[in-house]
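This report refers to the structure that appears directly beneath it.
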Amino acid sequence: QVQLVESGGGLVETGGFLRLSCAASGRTISNNAMGWFRQAPGKEREFVAVIRWSSTITYYADSVKGRFTISRDNAKNTVYLQMNSLKPEDTAVYYCAAGSSGWATFRADDYVYWGQGTRVTVSS
């Protein structure tokens, strides 16, 4: 069993930045792909980014490509999401998720453990 706890959300102005963290406990996540998803008010949960077990392989949603960076520190059992040039449309609850393998994709079904989420609000 893996527990995931997100932190780092908050209120930021347009153009600002935030760094989200996802701390895992229970066992190591070094062999799991780790993803970030988000859910805006009134919308379905959507994929944001994934980092494969090999930290060199990452994928991003088109809407965040070039602005967000996902990374991981396996020694700390933690995954990060650096969010720059934030826009009002980035406002959402952001969720961290652990994949069932090292090769999870953009599909939510590839993930077996989810955190409770951290809220990000970008003011215009």
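The values are calculated or read from the model by the stated rules, or taken from the named source; none is laboratory data. Quick caveat, the model's predicted, so the values are computed rather than measured. With ideal geometry, Cβ positions are generated from the backbone for all residues, glycine too; neighbour counts draw on all protein chains shown. For the accessible areas, the whole protein counts, side chains as well, though only heavy atoms, and no ligand, DNA or RNA atoms are used. Shrake-Rupley method; radii C 1.70, N 1.55, O 1.52, S 1.80 Å.
Work out the length of the dipole vector of the chain about its Cα centre, built from +1 on the beta-carbon of each Lys and Arg and -1 on the beta-carbon of each Asp and Glu, and round it to the nearest 20 debye.
Working: 13 positive and 10 negative charges, 42 e Å.
Computed about the Cα centre, the dipole is about 200 debye.
Under the combined filter of DSSP loop state and at most 12 neighbouring Cβ atoms within 10 Å, the stretch 1-93 retains these GluC sites (Glu not before Pro): Glu44. Just how far, in whole angstrom, is the stretch 1-36 from the stretch 78-124 if you go by their alpha carbon centroids? So the separation of the two Cα centres works out to 7 Å. Taking amide hydrogens as placed 1.01 Å from N in the peptide plane, the amide H of Lys87 sits under 5 Å from those of Gly15, each at least 5 positions away in sequence or on another chain.
Leaving out ligands and nucleic acids, and using a 1.4 Å probe, what accessible area per residue does the chain come to in Å²?
Working: 6330 Å² over 124 residues.
Counting only protein heavy atoms, the per-residue value for the chain is 51 Å².
Looking at the chain as a GNM with Cα springs under 10 Å, which of Thr105, Thr14, Thr69 has the largest mean-square fluctuation? Its mean-square fluctuation being the largest, the pick is Thr14. Mean separation of Cα pairs under 8 Å and 6 or more residues apart, divided by the residue count, gives the chain a relative contact order of 36 percent. Considering only Ser25, Val120, Ile51, and ranking their Cα positions along the charge dipole of the chain that arises from unit charges at the beta-carbon of Lys, Arg, Asp and Glu, the one farthest toward the positive end is Ser25. Residue by residue, the stretch 95-102 carries 3J(HN,Hα) couplings of 10, 9, 9, 9, x, 6, 8, x Hz when phi is fed to the Karplus relation 6.51 cos²θ - 1.76 cosθ + 1.60 (θ = phi - 60°); x denotes Gly or Pro. Apolar share of the accessible surface for the chain: 50 percent from carbon plus sulfur atoms, 1.4 Å probe.
Would you please name the chymotrypsin sites (Phe, Trp or Tyr not before Pro) within the stretch 1-79 that are DSSP coil residues with at most 14 other C-beta atoms within 10 Å of their C-beta? Don't jump to the answer; show the numbers that get you there.
Working: sites: Phe17, Trp36, Phe37, Phe47, Trp53, Tyr59, Tyr60, Phe68; in loops: Phe17, Trp53.
Filter output for the stretch 1-79: Phe17.
Along the stretch 6-22 the Karplus relation, 6.51 cos²θ - 1.76 cosθ + 1.60 evaluated at θ = phi - 60°, assigns HN-Hα couplings of 8, 8, x, x, x, 9, 9, 7, 3, x, x, 9, 9, 10, 8, 10, 9 Hz to successive residues, with x for each Gly and Pro.
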